[in-house]
Amino acid sequence: MAATVYVLCALAAFVCAWLLGRSYLRSHLRLLLWSSICFAGLALNNVMLFVDKVIIPHGADLSAWRLVPAALGIGALVYGLVWEAD
């Protein structure tokens, strides 16, 4: 059951990133770009969570590496919110 939740969360984040990116290409609103980058990082985080917990459950611990794409995505969104404000 947990594997299904991990996959669905990753798919939802990828769809959000794709929709935000598509909207950015149409409107060129910079906040949409930063939001798309954020969701792409969160989607990659969810994929790495699936790999860590399902594919290699008793292998190496990827928890520190899982945080990197999420932190970069959130950092991009914070940058967009703070420095790109009108």
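The values are calculated or read from the model by the stated rules, or taken from the named source; none is laboratory data. Because the structure is predicted, anything quoted here is derived from the model rather than measured. No Cβ is skipped: glycine too gets one built from the backbone with ideal geometry, and neighbour counts run over all protein chains shown.
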Check your understanding: Is it fair to say I37 is loosely packed, with under 12 Cβ neighbours inside 10 Å and either touching a residue at least 40 places away in the same chain (Cβ under 8 Å) or of a type in the set (V, I, T) (or both)?
Key -> no
Revision key, fill the gap. Here the residues within the range 51-61 that are surrounded by fewer than 18 Cβ atoms within 10 Å (Cβ to Cβ) and either touching a Cys at 6+ places or on another chain (Cβ under 6 Å) or closer than 15 Å to C9 by Cβ (or both) are V51, K53, V54
**Study point:** Qualifying positions in the range 23-60 - more than 25 Å from V82 (Cβ to Cβ) and either in a helix (DSSP H, G or I) or of a type in the set (A, V, I, L, M) (or both)
**Key:** N46, V47, M48, L49, F50, V51, D52, K53, V54, I55, I56, A60
**Study point:** Every pair of residues 6+ apart whose Cβ atoms lie under 8 Å, when the first sits in the range 61-86 and is in contact (Cβ under 8 Å) with a residue 24 or more places away in the chain while the second is surrounded by 12 or more Cβ atoms within 10 Å (Cβ to Cβ) and of a type in the set (S, T, N, Q)
**Key:** P69/N45; A70/N45; G73/N45; L77/S35; G80/S35
Practice item. Test A64 against the stated conditions and say whether it is part of a loop (DSSP other than H, G, I, E, B), surrounded by fewer than 18 Cβ atoms within 10 Å (Cβ to Cβ), among the hydrophobic types (A, V, I, L, M, F, W, C) and modelled with pLDDT under 90. Key: no
Revision key, fill the gap. Residue pairs qualifying under the 6 Å Cβ cut-off, at least six apart or on distinct chains, with the first in the range 1-28 being farther than 16 Å from A40 by Cα and the second being surrounded by 11 or more Cβ atoms within 10 Å (Cβ to Cβ), are A3/V54
**Study point:** All positions within the range 75-86 that are part of a helix (DSSP H, G or I) and in contact with a helix residue (DSSP H, G or I) (Cβ under 6 Å, 6 or more places away or on another chain)
**Key:** A76, L77, G80
